[in-house]
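To start, the structure itself, in structure tokens.
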Amino acid sequence: MDSDQRRLLATMPLHAITSTYGEEGLRERFALDIASWPAADRARLEQALDLAARLHAHDRRDREPYLNHLLRVAIRIIRYGVHDPDVIVAALLHDAVEDHPDELAGGGGQEGALAVLAAEFGPRVAELVADVTNPEYAPDRDAHDQYREHVAESLGASPWARVIKASDFTDNGVGLIHTTGPRLHKLADKYAPLVPVLRDLIARPDTPLDSAAKEHILAQLDRADERFAALRGDAG
């Protein structure tokens, strides 16, 4: 990309970058956002991005590579004002243990995969990934109820994991406009009940974001709630 394109990338909305430039554009935006970070931090972030790209190489999210989602989640957190490399590494790898535990641990399951992440990136990264990783749910209970309960319990004790989940949830909510068919309404049913849970978590005093970032996230949650309500045909 030339210098004019890079300047444009620095200000474009993430889904506009996705639709115009695809994965290349998101990778370039990520590189621009971390360009001023210490070299050691950049190396860890690039290592995490390489691992995420390998693990999710064959994964798709509707019409795009799954890596695009992971890049947007990480970039969005940086735009919240977060410059903690552990948090950004965990954001890039937040679906690795849930989706690819065997590739990470050679059949060791989620615990083995988390141990691999701890060895490669440190225990704090592994803990953050664990906090946003869904467990296996009981088959005799509603999966959406268990999902909401898990998020409330796990994130209640992990302020930084709330930040990762907020970006992930925002990307999922925005991404519904690119989803069609029965899955669209299924996802709306899954995500809608989580909005008030996340609103409460983000608004808490111990959530490590400044007031502007919190207000931005809360406004995005409001827009997502409106989108879910329209999809579900909620009254009002």
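The values are calculated or read from the model by the stated rules, or taken from the named source; none is laboratory data. Quick caveat, the model's predicted, so the values are computed rather than measured. Backbone-built Cβ (ideal geometry, glycine too); neighbour counts: all protein chains shown.
Annotation for segment 127-140: at least one member residue is at pLDDT 90 or above and more than 14 Å from the chain's Cα centre (by Cα).
Taken over segment 221-236, the criterion of being among the charged types (D, E, K, R) and either assigned to a helix (DSSP H, G or I) or closer than 23 Å to Val132 by Cα (or both) is satisfied by Asp222, Arg223, Asp225, Glu226, Arg227, Arg232. Identification of helices (runs of 4 or more DSSP H) wholly contained in segment 1-107 with 1 or more residues that are in contact (Cβ under 8 Å) with a residue 12 or more places away in the chain and small (Gly, Ala, Ser) yields 14-33, 39-55, 66-79, 85-92, 96-99. Give segment 182-220 a look and list any residue that's in a helix (DSSP H, G or I) and closer than 16 Å to Arg79 by Cβ, or say none. Once the filter is applied, which keeps residues that are in a helix (DSSP H, G or I) and closer than 16 Å to Arg79 by Cβ, segment 182-220 yields Ile202, Ser211, Ala212, Ala213, Lys214, Glu215, His216, Ile217, Leu218, Ala219, Gln220. Would segment 52-72 turn up any residue that is in the same structural domain as Leu92 (by TED's automatic domain parsing), charged (D, E, K, R) and touching an Asp or Glu at 6+ places or on another chain (Cβ under 6 Å)? The answer is yes; a qualifying residue exists.
Screening Glu149, Glu120 for residues that are modelled with pLDDT of 90 or more and either over 20 Å from Gln47 (Cβ atoms) or surrounded by 15 or more Cβ atoms within 10 Å (Cβ to Cβ) (or both) leaves exactly one candidate, Glu120. Checking each residue in segment 194-236 for being surrounded by fewer than 14 Cβ atoms within 10 Å (Cβ to Cβ), in contact with a helix residue (DSSP H, G or I) (Cβ under 6 Å, 6 or more places away or on another chain) and not basic (Lys, Arg) picks out only Asp206.
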